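The values are calculated or read from the model by the stated rules, or taken from the named source; none is laboratory data. Quick caveat: nothing in here was measured; it's all calculated off a predicted structure. Cβ coordinates were reconstructed from backbone atoms using ideal geometry, including for glycine residues, and neighbour counts include every protein chain displayed. In case anyone asks, the SASA skips ligands and DNA or RNA and just uses the protein heavy atoms, side chains included. Shrake-Rupley method; radii C 1.70, N 1.55, O 1.52, S 1.80 Å.
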Amino acid sequence: MRSWSEPDDDGSDLASSDGSASDVDTSDDEDFSGVPLVAISFNITKGIVGIGILSLPAGVAEGTGLIPAMIILVLMYLAMLYTFWSLGRCCEATHCKTHGGIAFALRKSHVFGSIMEITNITGTIFGCAGYAIVIGKSSQGLWQSIGVEDGWYASARGSFVIILCFILLPLCLLRDLSKLAFTSFIGVACELFVVFFMVCRYFGGDYHPGGQFYDPKNSASSTGIELFTIDSSVFFLVGSCVNAFVAHWNSPKFYHQLRNRGTRRFLIAVSLGFSMALVLYLVCMAVGYLTFGAHCHGDILHNYSAHDDLASISRVAMLFATIFGFPINFTGVLFVCGVRECDCTPAPCLRTASLTLLGFSSRRRVAQLDGSCQAGCGFV
C-alpha cells in the first residue's frame, strides 16, 4: 500500500519529483488540459453500470414488489450520487487527491485513512476479479455456441488471457481517462442495446403466452407479478442496489481530471453519469421482471431462449460492455494503490504494476471471494 501524509502547505498531498504540486493526474500528453465533462460522464456511467445490471430483475423476483424495488433503487441512486459528488467536494476543500489524504485532512487520523485505503484496494481488486470471471465465462459460452469446446483458447481462463493480452492490457496502460471515453461510450451503447432488446421482446410478446419463445416454466404468466410486496428479501435487493452504484474509488481521479474542474461542473458530470445508469437500471429491472416474474435468473439473459438470435447478439454485446468496463475499474486499482497518483510515476513502473495487478485480479481463488468482498466494501 502506498504511503500518504498530511497535505503540504500548498494544499496538495501529492507532488512531482521536482517538488512542485501536480494539479492533474498523469497524462500521456505533456499538455494535458483535462477531460471534457461529457467524457467524464460516460466514464462514470461505464464505471457504475457493469455486470450487476443483469441481476436486478432477480432481486425483485426474490419477493420484493416491483414498485418498492424501483423506489429503493431511486433512493440508492440519490444517496450514492451525493456521496460520489461529496468526495469531489472534499478534494476541492482539502486539496487532496486520494481517499487517504482526504481522511487525514478531515479527521487527522492515520487509522481512518488506512481503513479508507484498505477498503478501496480490496473493493477494486475483487471488482476486477468479478469482471475476469464474467469475461472468461461469457467468452467460453460463445465458443461453445459455435461448436468449439476443445483447446485451451476455448476455456474460460484461456479466453480471458487472450482478451487480456490483446484488449485489456493496452487499455489499462492508458493514463489519460479521456482516452477511455470512446470505449466507455461503446460499452454504454452495448448495454443500451441489451436493454432495448429486452423492451422489444416484452412489448412484442415473444415470451408471453402465444409468443414464439413462450415457455410456461419460464414466464411471468405462470407466477404472477408482485407490485407492492415487501418481506425480508428486501435486504438482498438493497444490497444489490447499493452495489450497483458503487464506483467511489474513482471519484477523486474523475474530479481531478475534469477540465475546468469545480464542484458545480463535477456535480453536472456526476448527475449525468448516474442518471444514465439509473435509466438503464430501472428499465432492465422492470422489463426483466415483468417478462419472467419469479423465474428471473441472476443473469437475466439466461432466461432468453438459445434459439433467440437477438438474445445471442445481446450476450455478445454484454461481453463487450464488460470488457470495456474492466479498464475503468482497473484504473481505480492503480489509483488507490498509488501507481497513478503523481506525474513522476515512471512508465516502466506503471507497466510492471499493471501486469502484476492484472495477473492477481484474474486468479480463480481471488475471484471466488468477489461477491462478499464487494458487498462489504460497498457498505464501508
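Those residues that are farther than 15 Å from residue 178 by Cα and in contact with an Asp or Glu (Cβ under 7 Å, 6 or more places away or on another chain), I need them from segment 238-282; list them, please.
Across segment 238-282, the qualifying residues are 263, 280.
Of the residues 213, 236, only one is aromatic (Phe, Trp, Tyr), open to solvent by 30 Å² or more (accessible area, probe 1.4 Å) and more than 16 Å from residue 310 (Cβ to Cβ); which? Reasoning before the result, please.
On the way: 213 fails: more than 16 Å from residue 310 (Cβ to Cβ).
After applying the criteria, what remains is 236.
Mind listing just one residue for me: the one in segment 64-105 that is over 19 Å from the mean Cα position of the chain (by Cα), among the small types (Gly, Ala, Ser) and open to solvent by less than 20 Å² (accessible area, probe 1.4 Å) and, of those, nearest to residue 271 (Cα to Cα)?
Taking the candidates together, the pick is 69.
Any residue in segment 240-250 that is touching a strand residue (DSSP E or B) at 6+ places or on another chain (Cβ under 9 Å) and within 23 Å of residue 33 (Cα to Cα)?
No; the residues of segment 240-250 include none that is touching a strand residue (DSSP E or B) at 6+ places or on another chain (Cβ under 9 Å) and within 23 Å of residue 33 (Cα to Cα).
Could you tell me whether segment 136-152 includes any residue that is at pLDDT 85 or above, more than 15 Å from the chain's Cα centre (by Cα), β-branched (Val, Ile, Thr) and open to solvent by 40 Å² or more (accessible area, probe 1.4 Å)?
The answer is no, given that none of the residues of segment 136-152 is at pLDDT 85 or above, more than 15 Å from the chain's Cα centre (by Cα), β-branched (Val, Ile, Thr) and open to solvent by 40 Å² or more (accessible area, probe 1.4 Å).
Exactly one condition in (1) hydrophobic (A, V, I, L, M, F, W, C); (2) buried (at least 22 other Cβ atoms within 10 Å of the Cβ); (3) at pLDDT below 95 is not met by residue 274; state its number.
(3)
Determine whether residue 263 is at pLDDT 90 or above and more than 27 Å from residue 68 (Cβ to Cβ). Steps first, please.
Numbers: at pLDDT 90 or above: yes; more than 27 Å from residue 68 (Cβ to Cβ): yes.
When the stated conditions are applied, residue 263 passes them.
Would you mind finding the one in 225, 230, 162, 167 that is without any contact (Cβ under 8 Å) to a residue 24 or more places away in the chain and either β-branched (Val, Ile, Thr) or open to solvent by 40 Å² or more (accessible area, probe 1.4 Å) (or both)?
162
Scan segment 31-69 residue by residue and report those that are closer than 24 Å to residue 322 by Cβ and either assigned to a loop (DSSP other than H, G, I, E, B) or of a type in the set (Phe, Trp, Tyr) (or both).
Listed by number, the residues that qualify are 42, 49, 50, 51, 52, 62.
Is it the case that some residue within segment 182-192 is assigned to a helix (DSSP H, G or I), of a type in the set (S, T, N, Q) and either open to solvent by 40 Å² or more (accessible area, probe 1.4 Å) or closer than 30 Å to residue 295 by Cβ (or both)?
For segment 182-192, residues assigned to a helix (DSSP H, G or I), of a type in the set (S, T, N, Q) and either open to solvent by 40 Å² or more (accessible area, probe 1.4 Å) or closer than 30 Å to residue 295 by Cβ (or both): absent.
Any residue at all in segment 287-309 that is more than 30 Å from residue 227 (Cα to Cα) and either open to solvent by 10 Å² or more (accessible area, probe 1.4 Å) or touching a Cys at 6+ places or on another chain (Cβ under 7 Å) (or both)?
Taking every residue of segment 287-309 in turn, at least one turns out to be more than 30 Å from residue 227 (Cα to Cα) and either open to solvent by 10 Å² or more (accessible area, probe 1.4 Å) or touching a Cys at 6+ places or on another chain (Cβ under 7 Å) (or both).
Can you name the number of the only condition in (1) assigned to a helix (DSSP H, G or I); (2) closer than 21 Å to residue 90 by Cα; (3) basic (Lys, Arg) that residue 315 fails?
Against the list (1) assigned to a helix (DSSP H, G or I); (2) closer than 21 Å to residue 90 by Cα; (3) basic (Lys, Arg), residue 315 comes up short only on (2).
In segment 110-124, which residues are open to solvent by 20 Å² or more (accessible area, probe 1.4 Å) and under 16 Å from residue 323 (Cα atoms)?
Those that are open to solvent by 20 Å² or more (accessible area, probe 1.4 Å) and under 16 Å from residue 323 (Cα atoms): none in segment 110-124.
Just for helices (runs of 4 or more DSSP H) wholly inside segment 70-179: which have at least 2 residues that are of a type outside the set (Gly, Ala, Ser) and closer than 25 Å to residue 237 by Cβ?
Numbers: elements: 99-107, 110-145, 156-163, 169-172.
In segment 70-179, the matching helices (runs of 4 or more DSSP H) lie at 110-145.
Can you pull out the residues in segment 63-74 that are touching a residue at least 24 places away in the same chain (Cβ under 8 Å) and out of contact with any Gly (no Cβ under 8 Å at 6 or more places or on another chain)?
Correct list: 63, 64, 65, 66, 67, 68, 70, 72, 73, 74.
When segment 239-262 is examined, which residues are found to be buried (at least 19 other Cβ atoms within 10 Å of the Cβ), of a type outside the set (A, V, I, L, M, F, W, C) and in a helix (DSSP H, G or I)?
Once the filter is applied, which keeps residues that are buried (at least 19 other Cβ atoms within 10 Å of the Cβ), of a type outside the set (A, V, I, L, M, F, W, C) and in a helix (DSSP H, G or I), segment 239-262 yields 240, 243, 248, 250, 251, 252, 253, 255, 256, 257.
Looking at segment 253-299 only, could you name the residues that are in contact with a strand residue (DSSP E or B) (Cβ under 7 Å, 6 or more places away or on another chain) and polar (S, T, N, Q)?
Passing the criteria: only 257.
Can you spot a residue in segment 263-271 that is of a type in the set (D, E, K, R) and part of a helix (DSSP H, G or I)?
Looking for residues that are of a type in the set (D, E, K, R) and part of a helix (DSSP H, G or I), one finds at least one in segment 263-271, hence yes.
Looking at (1) closer than 19 Å to residue 287 by Cβ; (2) not aliphatic (A, V, I, L, M); (3) not in a loop (DSSP other than H, G, I, E, B), which is the one condition that is false for residue 212?
Against the list (1) closer than 19 Å to residue 287 by Cβ; (2) not aliphatic (A, V, I, L, M); (3) not in a loop (DSSP other than H, G, I, E, B), residue 212 comes up short only on (3).
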